[in-house]
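For reference, the structure discussed in these notes is given below.
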Amino acid sequence: FKSSRSSAAEPRQFGGQLGFANESLGFGFGVRVSSGIPLPVSGIGVLGTFDVFLGSPSVEDPTGAKVDTSGHAFQIGLFPTYSYAFGDIRAYAGAGLSMLRSSYSFEFEGLPKEDASKTFTSLGLVTGAKFKDRFFGEVRYQFGDGKHLAVAAGVLFNSPW
């Protein structure tokens, strides 16, 4: 591969993705928007993500009774990134903030169903690669109380704006 730095900022792109996150967040889908920032140092950009995870968040019952749970979570993230091109592949990495909101319902045997939710704001790391600036795969790790590891892949389109 021949490596090169782009003289222009990356185009604004948007796309969809499918992903999986551990810590009982489950499978998800999402959208993302990315854009290069026109600076003298090429490769600097920003990535915005919105993910919805469908699964069963962990709910521990201190009494040891059986708890049936169901729920979902959504996450919004903003990551400044740096990218470097190797032919048709553009690798990128960055760090930023994200907010995770997890909503779930739980039932104890014989008691009425209850709804609850939690919100976490945390630092996250992202690394990934784009192929021909169209297809991507990435790994994100969130630190803090809402920590989890997410793996995502999807397709991107150049923005008309």
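The values are calculated or read from the model by the stated rules, or taken from the named source; none is laboratory data. On a predicted model such as this, the values are computed, not experimentally measured, just so you know. Quick reminder, even Gly has a Cβ in these numbers, built from the backbone with ideal geometry, and neighbours come from all protein chains shown. Only protein heavy atoms, including side chains, enter the accessible area calculation; ligands, DNA and RNA are left aside. Shrake-Rupley method; radii C 1.70, N 1.55, O 1.52, S 1.80 Å.
Computed from the C-beta positions of M99 and K132, the FRET efficiency with R₀ = 22 Å rounds to 0.10.
Extension gain, Y84-V41: 0.36 nm per intervening residue step, less the Cα-Cα distance, totals 14.3 nm. Taken as Cα centroids, region 119-161 and region 18-33 sit 9 Å apart, rounded to the nearest whole angstrom. Taking each residue as 0.36 nm, the span from V139 to L54 lengthens on full extension beyond its C-alpha to C-alpha distance by 28.8 nm.
Dipole magnitude for region 75-156: computed about the Cα centre from +1 point charges on Lys and Arg Cβ and -1 point charges on Asp and Glu Cβ, it is near 420 debye. Extension gain, A91-F20: 0.36 nm per intervening residue step, less the Cα-Cα distance, totals 23.5 nm. Per residue, the accessible area of region 104-161 comes to 62 Å², computed with a 1.4 Å probe over protein heavy atoms only. Taking label points 7 Å from Cα along the Cα-to-Cβ direction, R12 and V151 give a separation of 3.3 nm.
Other residues within the sphere of radius under 12 Å centred on the Cβ of G154, judged by their own Cβ, net out at +1 (K and R +1, D and E -1).
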